[in-house]
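Q: Structure provided below as structure tokens; questions to follow.
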Amino acid sequence: MKIVAFQHTPGEPPGLFESYFLEKNIPFECIRLFDTNEVPETGATHFIFFGGPMSVNDEHEYPYLKEEKECIRLAIR
């Protein structure tokens, strides 16, 4: 199992999620989309998607949203 969180803004960190996963030795990674502007291959089995000020339709301003939505579609399948 590996959990990956997608963080959209600096003001919305993983906080207690990260603390809990580290305490339980659960593999965890937080992707700071506001820094990378891309969704990398993660190998995750579980995802957490934090919110942000953007709409899911703001792909022009936040180009990673298209990749992120595809990641969600694949995870649901």
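Q: Every residue in segment 20-47 that is assigned to a helix (DSSP H, G or I) and in contact (Cβ under 8 Å) with a residue 12 or more places away in the chain, please.
A: Going residue by residue through segment 20-47, those that are assigned to a helix (DSSP H, G or I) are 20-23, 33-36.
Across segment 20-47, the qualifying residues are Phe21, Leu33, Phe34, Thr36.
Q: Select from segment 48-58 the residues that are open to solvent by 70 Å² or more (accessible area, probe 1.4 Å) and free of Cβ contacts under 8 Å to residues at least 12 places away in the same chain and list them in ascending order. Show your work before the answer.
A: First, pick out the residues of segment 48-58 that are open to solvent by 70 Å² or more (accessible area, probe 1.4 Å): 49, 53, 56-57.
Selection gives Asn57 alone.
Q: Kindly establish whether Phe17 is open to solvent by less than 70 Å² (accessible area, probe 1.4 Å) and assigned to a helix (DSSP H, G or I).
A: Answer is no for this residue.
Q: Anything in segment 48-77 that is closer than 24 Å to Gly15 by Cβ and either assigned to a helix (DSSP H, G or I) or in contact with a Cys (Cβ under 7 Å, 6 or more places away or on another chain) (or both)? List them, or say none.
A: Matches in segment 48-77: Tyr64, Leu65, Glu68, Cys71, Ile72, Ala75.
Q: Filter segment 20-47 down to the residues that are among the hydroxyl-bearing types (Ser, Thr, Tyr) and open to solvent by less than 70 Å² (accessible area, probe 1.4 Å), then identify the one that is nearest to Ala75 (Cα to Cα). Reasoning before the result, please.
A: Taking segment 20-47 first, the residues among the hydroxyl-bearing types (Ser, Thr, Tyr) are 20, 36, 42, 45.
Imposing the further condition that a residue be open to solvent by less than 70 Å² (accessible area, probe 1.4 Å) reduces the set to 36, 42.
Values: Thr36: 21, Thr42: 12 Å.
Result: Thr42.
The values are calculated or read from the model by the stated rules, or taken from the named source; none is laboratory data. Fair warning: this is a prediction, and the values are worked out from it, not measured in the lab. With ideal geometry, Cβ positions are generated from the backbone for all residues, glycine too; neighbour counts draw on all protein chains shown. Side chains are part of the model used for accessible areas, which takes the heavy atoms of the whole protein and leaves out ligands, DNA and RNA. Shrake-Rupley method; radii C 1.70, N 1.55, O 1.52, S 1.80 Å.
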